[in-house]
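Novice: Structure provided below as structure tokens; questions to follow.
Since every read-out is calculated from the coordinates, none of them should be taken as a lab result. Here the structure is a predicted model, which is why all the values come from computation and not from measurement. Cβ sites come from the backbone with ideal geometry, for glycine too, and all protein chains shown count toward neighbours.
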Amino acid sequence: MRIGELSRSTGVPVPTIKYYVREGLLPAGELTHRNQATYGESHQHRLRLIRALLDVGGLRVAVIREVLAAVDDSGRSLHSVLGAASDVLIRPTPAQGSAETEPERDEVLTAARARALELIARRGWRVQQTCPGVEALAVALAALDGVGLDGFAVVLDDYAEAAEAVARADLDFVSGRRTLDEVVEGVIVGTVVGEAMFAALRHLAQVDRSARMHGAGAAGPSTEPAVDGG
């Protein structure tokens, strides 16, 4: 197909496609004449992946270039490629603590990292200490400690159990996709959109749990029972 057809089939404007080619995100088309090139299905898949990384993942072009370089590296395993793609979605922020000094915050974060690594070892997860998720979990645990909710961590294994089930569902779903681009796209979109979906499901489950524990409607309108669809 010509670049105009590629644009119409993907919804990406022609100037944007040319920009992606210049930036090394999208392979150039195959030249058929001096000023004409043809594009194939692989270009459609790559454009869809780029848009997912930009629009859904909210990634910068420089970061996307790194992810796509991993996808195009034939020497990397699928596990390595998926790791490079999913790692960029984990952006831990520094733990905050207005009542703590810098050394105290460092001490709390160091202890939280140890707890995160202990959980990983206890669950038997095959995760390296340098995985961004380790730091993200440590920051979350440190934040709980900073607001006096360190006791909340007693449910950490329950969260880990749920995370294992969600991860299994995520990767089982994308394993049936045909190309590496489609697998990576599925992981990125599934992670970002899946987190929003899981947050909504968690809210609904909390409303249901509260209604069962404290009586429907006791905590306000959001706990009113859903309309029976039967």
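Novice: Please report, in Å, the Rg and the Dmax of segment 124-218, where both are computed over Cα atoms only.
Specialist: Considering segment 124-218 through its Cα atoms, Rg and Dmax are 16.8, 51 Å.
Novice: May I ask you to list the trypsin sites (Lys or Arg not before Pro) in segment 136-204 that are in a DSSP loop and have at most 12 other Cβ atoms within 10 Å of their Cβ?
Specialist: Working: sites: ARG168, ARG177, ARG178, ARG202; in loops: ARG177, ARG178.
For trypsin sites (Lys or Arg not before Pro) across segment 136-204 that sit outside H, G, I, E and B with at most 12 neighbouring Cβ atoms in 10 Å, the list reads ARG178.
Novice: What are the residues whose amide H is under 5 Å from the amide H of ALA37, where those residues sit 5 or more places off or on another chain and H is modelled from the backbone?
Specialist: Under 5 Å from the amide H of ALA37: ILE3, THR32.
Novice: Here's something else I'd like to know. For segment 77-188, state the average projected area of the convex hull of the C-alpha atoms over all orientations, rounded to one decimal in nm².
Specialist: Working: hull surface 30.3 nm².
Its average projected convex-hull area is 7.6 nm².
Novice: Tell me the label only: which of (i) 22; (ii) 47; (iii) 26 is percent of Cα pairs over 29 Å apart as calculated from this structure?
Specialist: Only one option fits the structure, namely (ii).
Novice: For segment 62-203, build the charge dipole from Cβ charges (+1 Lys, Arg; -1 Asp, Glu) around the Cα centre, then report which of ILE120, VAL108, ALA70 sits farthest towards its positive end.
Specialist: The Cα lying farthest towards the positive end belongs to ALA70.
Novice: Let me ask another. Largest first and to the nearest Å, give the Cα extent of segment 1-117 along each principal axis.
Specialist: Projected onto the principal axes, the Cα atoms of segment 1-117 cover 66, 32, 21 Å.
Novice: Right, here's the next one. Rounded to whole Hz and in sequence order, give me ³J(HN,Hα) for segment 4-16 from the Karplus expression 6.51 cos²θ - 1.76 cosθ + 1.60, θ = phi - 60°, writing x for Gly and Pro.
Specialist: Taking θ as phi minus 60°, the curve returns x, 5, 4, 5, 5, 6, 10, x, 9, x, 4, x, 5 Hz for segment 4-16.
Novice: Tell me, what is the percent relative contact order of the chain, built from C-alpha pairs under 8 Å that lie six or more residues apart? It would help to have the intermediate numbers written out before the result.
Specialist: On the way: 181 pairs, mean separation 42.0, N = 230.
Reported as a whole number, the value is 18 percent.
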